[in-house]
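This report refers to the structure that appears directly beneath it.
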Amino acid sequence: MQQVINKVLQVCEIPNIKGRSYIQVCAKSIIYHELHSRGYSLSEIGRIFRCNHSSVYNLLSKYDDRLKYDKEFKMLVDKFNNYGNQNKS
């Protein structure tokens, strides 16, 4: 889990996800989506990040639309998915 968080922070070039700036919201969305896809429940994710499950749900419910319509968000997700693959041949 900590690897996912660190990877997102590096990709988004931010020191933490505390706050409501655009880039911090994008980072939270990517982290929550990745953890949820790995089997973490909304409540578990909420406990980890000290928020309630409905806050996690809110970001996750907007993930697909952001990915489809927000070019900058899609670029960050692609960068996250490809991070570390640059040197592999």
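The values are calculated or read from the model by the stated rules, or taken from the named source; none is laboratory data. Just so we're clear, the structure is a prediction, and the values are computed from it rather than from any experiment. Glycine gets a Cβ as well: all are built from the backbone with ideal geometry, and neighbour counts include every protein chain shown. The area values use the complete protein model at the heavy-atom level, side chains included, leaving out ligands, DNA and RNA. Shrake-Rupley method; radii C 1.70, N 1.55, O 1.52, S 1.80 Å.
Only one entry of Lys62, Lys71, Lys79, Lys18 meets the criterion of being open to solvent by 60 Å² or more (accessible area, probe 1.4 Å), touching a helix residue (DSSP H, G or I) at 6+ places or on another chain (Cβ under 8 Å), without any contact (Cβ under 8 Å) to a residue 12 or more places away in the chain and of a type in the set (D, E, K, R), and that entry is Lys18. Quickly run through the stretch 21-53 and pick out the residues that are open to solvent by 60 Å² or more (accessible area, probe 1.4 Å) and among the polar types (S, T, N, Q). Those that are open to solvent by 60 Å² or more (accessible area, probe 1.4 Å) and among the polar types (S, T, N, Q): Ser37, Asn52.
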